[in-house]
Amino acid sequence: MTDEKRGGLRFAEIALNTPVNRTFTYRIPQEMQVEPGVRVVADFNRRKMTGYILSLHNDEPSGFDVKDIVSVIDDSPLFDERLTDLVRYVSDSYLSSIGEALSKALPSGESTRLKTRHIRRDNNVNNTISLTEEQQKIYSEIKNSESGIHLIFGITGSGKTEIYINAALDIIKSGRSVIYLVPEITLSSQIFDRLQKVFGDDLVLYHSGLTQNQRLANWKKFQRGEAKIAVGTRSSVFLQAPDLGLIIIDEEQDPSYKEQSSPRYNAKRIAYYRAIKEKAKLILGSATPSIETMYSAEKGSIRLHILNERYGGAKVPEIEVVKVRGGGDEISPRLKLYTNRAVKNGNQAVYLLNRRGFAPFVLCEDCGTAVECPHCSIGMNYHRNKGLLCHYCGYMSDVPETCSKCGSGSIVKLGSGTQKIEDIIQGEFPGYRIFRLDQDTARKKDTASLLIDKMKKREIDILLGTQMVSKGFDFHGVTVAGIILADIGLNMPDFRSTERIFSLLFQLAGRSGRGEENGRVIIQTLNETNPIYDYLKKHDYTGFYNSELNIRRMLDYPPFSRLARIVFRGKEESEVSAAASGLGSSIDDIIVSEKMQVAKLGPAQAPFARIGGNYRYHLILKGRRLEELQQLIRKSMEIYRSKSVYAEIDIDPVDML
C-alpha cells in the first residue's frame, strides 16, 4: 500500500515474540507497503525478530528514537481482527504476551510465491457416507442444533468418524469451513487419506511434519476459502477461514492437545471460545472422554450423545489380564498363543509398550545404582545405535564399564524397550513381518503412510509401538492386541496418572476386532489385582469414571477445582529453591491480604527434579475460580525479580511432573 492508500499513517503497532505483554511502535519507511495482519522483520534489542502488525497510526511516540521496520515478510495479511481477538484471549487466559500467542498461532514460512500441490479429485470421490440408525439419530441431533458443544461418547469402533464426515459435508455445503483436530501426526495421515476420498480439493493438512512453507501455503489456502476443511494437530485450532462453521476434536481426552511451552494453551479451550465467538458447532469425540469433559456433559454444558454399538456389527473384543514376572517374561504364553492363531488365519496383532529404547535401564548388578543423565535426575535409556540417551535433554554417552558408585564391572541392561521387544518378537515368531512405530521411527519421512499402506494390504503381521499405536487407527485385520506391561505409568506422582493409563489401555484394546472376526486383548501386568483391570475387562468406562470422580471430589481436584502450576528452573539448586520459596511467600501474603479462596501446595522439588542441566521446583495453586488464580499469579509475578531462575506458568496443567 502506498502512503496515500494507508491514509498517511506513518507508524505501526507491532507484537513481538517476547514475554513483555505490550506492542512496540515502529516507523513505516516511505517506500514500504504494510497493513494490519502482515508479518515484518523488526530490530529489537539488537536482534532481528518477526513482528506482527496489529494497527497503523500517526501518533509519534516521545522519549525514545523510533526504529524503522526492517522488511516485510507477507504480501497480504495472514490474519484479521478475529485472530487478534483470539490471541488476546489466549494471552489473558494463559498469562503470556500477545506476541508469544501470535507466534504460536501463525505459520513461520516466508515464501510468498509457493507452489501448492492440488489434490486431484478422483472420479470415484464418494460424498455419501451411510449411517446406522444409532449414528443417524446423533447426526440429526447435531445437524438440527443451531450451534453449541457436543460430545460423542462411543465405544471404540462405533463409527464416530462417519458422523464427523456427514456433519462436515453439511457445513461445507452451507458455504462454511471445518477444522478437524487429531492428536498425532501419524493419525492425521490416515484421517487425511480417508477424508481425501470424500472432500478432494477442499481438504488441506496442517501439522509440524510439513515444512514451514507448506504450512504457510495451506494456511493461506484455508484462509482464502480455497480449501474448506483442514485436518491437523493442536495448532490447527488457530487456522483462519472466511466463515468457520465446525470444529471437530477427535480423541478429545488426549493430553497432546495441551501445549507445553508459553503460552501453554489447551486446544480444546481455544475451540470452545471460537465456537461461541464465531457461532460455530464444536464436536468432541472419544471412547474415554476426559473426566472434566464427561462431568461437563453430565452437568448439561455439553450435549452428550452415546454410541453403544460397533459400526458394521463388529463385537467388542474379549479382554484377558495375565500376570507376568518382572523380567524374561515379555511375551506370555497366552499372548503368543493368540498371536500365532491370528497370523496363521491371515490376521494381524498390535503390541503396545509404553517405552522407547533397546533396554530402558542400565544399572549395576552389585549395588543397584542406575546410570543417570548428568544433567537430569532421570535414568538414561540404552539405544542400540546410539548408546545411552536421556529422553529429556538429549544427552548421549557410551555405556560405562564400571559403576560410578561402587566401582563394580557388573553393568547390566534391564527392562524392555520397543527395540528389545522387536528382537524378542523376532525370536518368538520367526518369519513374521514386524513393524515398529515409536518416536524414533516416526521421525522418518513417510513412516505413517508406509505403515497405513502395509497394514491395509496385510503386509505386516505384528505392529509394535508406543502409545501412538493406540490412537484412532482403524485396521480391520487386527484381531489381537497385546499390552506388554500395563503397570508402566500407573504410579506416577500425577493425579491424572490412573485416568491416563486407563484411557491408553482402553484405546489400545479398541484396535482389535474391528473387522468381521472377533478380537482378543491380552493385558500383561505385574499386579493383576489393580481395580483398573476390572473396569477394562468389562469395557466399563462409566464405572471407572464414577470411581475416579469420587476420588477427585474427595481431594478437590478438577473438575471440582481449577489448577495452576508454576515451575521454577535454573542452573543452581540453591537459587531455584530460594526463588520458589520467595514467590511462595509472596503468594501467601496476597492470598491473605486479598482474602482469596486459593490453596497453595508447595513449593517443592518437582518429580523430575533436574532436566537439561536445570534444577526444577514447583508449586501448585488450587481454587474454584480461574479468574482468582490468574489475578493471584499476575500480582505475584509483578514482584518476582530473579534473573537466574525462570518461572514458567501453566494454567490448567495436564502434566504435573
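If only residues of region 53-87 that are part of a strand (DSSP E or B) and hydroxyl-bearing (Ser, Thr, Tyr) are counted, the one that is nearest to residue 10 (Cα to Cα) is 55.
From the list 495, 475, the one residue that fits, being closer than 19 Å to residue 318 by Cα and either more than 17 Å from the chain's Cα centre (by Cα) or modelled with pLDDT of 80 or more (or both), is 475.
Given 152, 142, 171, which one is touching a Lys or Arg at 6+ places or on another chain (Cβ under 8 Å), open to solvent by less than 10 Å² (accessible area, probe 1.4 Å) and in a helix (DSSP H, G or I)? From the options 152, 142, 171, the qualifying one is 142. Residue 642 satisfies every condition listed in (1) at pLDDT below 95; (2) within 30 Å of the chain's Cα centre (by Cα); (3) among the polar types (S, T, N, Q) except (2). Can we say residue 270 is assigned to a strand (DSSP E or B) and buried (at least 21 other Cβ atoms within 10 Å of the Cβ)? Criteria not met by residue 270.
Would you confirm whether any residue within region 104-118 is more than 27 Å from residue 270 (Cα to Cα), at pLDDT 90 or above, under 32 Å from the mean Cα position of the chain (by Cα) and not aromatic (Phe, Trp, Tyr)? Steps first, please.
We begin by selecting, within region 104-118, every residue more than 27 Å from residue 270 (Cα to Cα); these are 111-118.
Next, from what is left, pick out any that are at pLDDT 90 or above: none.
No, that holds for no residue.
Which one of 199, 192 is part of a helix (DSSP H, G or I), within 21 Å of the chain's Cα centre (by Cα), buried (at least 21 other Cβ atoms within 10 Å of the Cβ) and not aliphatic (A, V, I, L, M)?
192
Under 7 Å by Cβ, and 6 or more places apart or on different chains, what pairs join a residue from region 588-616 that is farther than 17 Å from residue 649 by Cα with one that is assigned to a loop (DSSP other than H, G, I, E, B) and of a type in the set (D, E, K, R)? Close Cβ pairs satisfying both conditions: 597/624; 613/571. The residues listed here are 283, 306, 249; of these, the one that is surrounded by fewer than 21 Cβ atoms within 10 Å (Cβ to Cβ) and β-branched (Val, Ile, Thr) is 306. Restricting the search to helices (runs of 4 or more DSSP H) fully inside region 438-529 and requiring at least 3 residues that are open to solvent by less than 20 Å² (accessible area, probe 1.4 Å) and of a type in the set (A, V, I, L, M, F, W, C) gives 447-456, 497-509. Out of everything in region 530-539 that is open to solvent by 10 Å² or more (accessible area, probe 1.4 Å) and closer than 19 Å to residue 350 by Cα, what residue ends up being farthest from the chain's Cα centre (by Cα)? Once the filter is applied, the top-ranked residue is 537.
Among all positions in region 566-581, there is at least one residue which is assigned to a loop (DSSP other than H, G, I, E, B) and in contact (Cβ under 8 Å) with a residue 12 or more places away in the chain. Residues considered: 149, 171. Of these, the only one that is farther than 18 Å from residue 511 by Cβ and within 23 Å of the chain's Cα centre (by Cα) is 149. Annotation: residue 552 fulfils all but one of (1) assigned to a helix (DSSP H, G or I); (2) in contact (Cβ under 8 Å) with a residue 60 or more places away in the chain; (3) surrounded by fewer than 18 Cβ atoms within 10 Å (Cβ to Cβ); (4) of a type outside the set (A, V, I, L, M, F, W, C); the unmet one is (3).
Entry remark, region 321-367: residues being under 28 Å from the mean Cα position of the chain (by Cα), more than 13 Å from residue 478 (Cα to Cα) and either modelled with pLDDT of 90 or more or assigned to a loop (DSSP other than H, G, I, E, B) (or both) number 7 in total.
If the Cβ limit is 7 Å and pairs must be 6+ apart or interchain, which residue in region 640-653 that is over 17 Å from residue 578 (Cβ atoms) pairs with which residue that is modelled with pLDDT under 95 and among the basic types (Lys, Arg)? Short answer, once both residue conditions are applied: none. In region 12-25, the residues that are farther than 14 Å from residue 47 by Cα reach residues that are of a type in the set (D, E, K, R) and surrounded by 19 or more Cβ atoms within 10 Å (Cβ to Cβ) with C-beta atoms within less than 8 angstrom, at least six apart or across chains, in these pairs: 19/100.
The set of residues in region 631-646 being under 22 Å from residue 558 (Cβ atoms) and open to solvent by less than 20 Å² (accessible area, probe 1.4 Å) consists of 632, 633, 636. Note on region 222-243: residues that are out of contact with any helix residue (DSSP H, G or I) (no Cβ under 7 Å at 6 or more places or on another chain) and open to solvent by less than 10 Å² (accessible area, probe 1.4 Å) total 2. Is it fair to say residue 56 is open to solvent by less than 70 Å² (accessible area, probe 1.4 Å), more than 35 Å from the chain's Cα centre (by Cα) and closer than 30 Å to residue 279 by Cβ? Spelling it out, residue 56 is indeed open to solvent by less than 70 Å² (accessible area, probe 1.4 Å), more than 35 Å from the chain's Cα centre (by Cα) and closer than 30 Å to residue 279 by Cβ. Can you pull out every residue in region 74-102 that is at pLDDT below 95 and not acidic (Asp, Glu)? The one that is at pLDDT below 95 and not acidic (Asp, Glu): 76. State whether the residues of region 219-231 include one that is without any contact (Cβ under 8 Å) to a residue 60 or more places away in the chain and assigned to a strand (DSSP E or B). Within region 219-231, one or more residues are without any contact (Cβ under 8 Å) to a residue 60 or more places away in the chain and assigned to a strand (DSSP E or B). Hey, among the residues in region 589-618 that are open to solvent by less than 50 Å² (accessible area, probe 1.4 Å) and outside any strand (DSSP E or B), which one's nearest to residue 576 (Cα to Cα)? Only one residue tops the list, namely 613.
The values are calculated or read from the model by the stated rules, or taken from the named source; none is laboratory data. What you are looking at is a predicted structure, and each value in this text was computed from that prediction instead of being measured. Note: ideal-geometry Cβ built from the backbone for every residue, glycine included; neighbour counts use all protein chains shown. When the accessible area is computed, the model is the full protein with side chains, heavy atoms only, and any ligands, DNA or RNA have been set aside. Shrake-Rupley method; radii C 1.70, N 1.55, O 1.52, S 1.80 Å.
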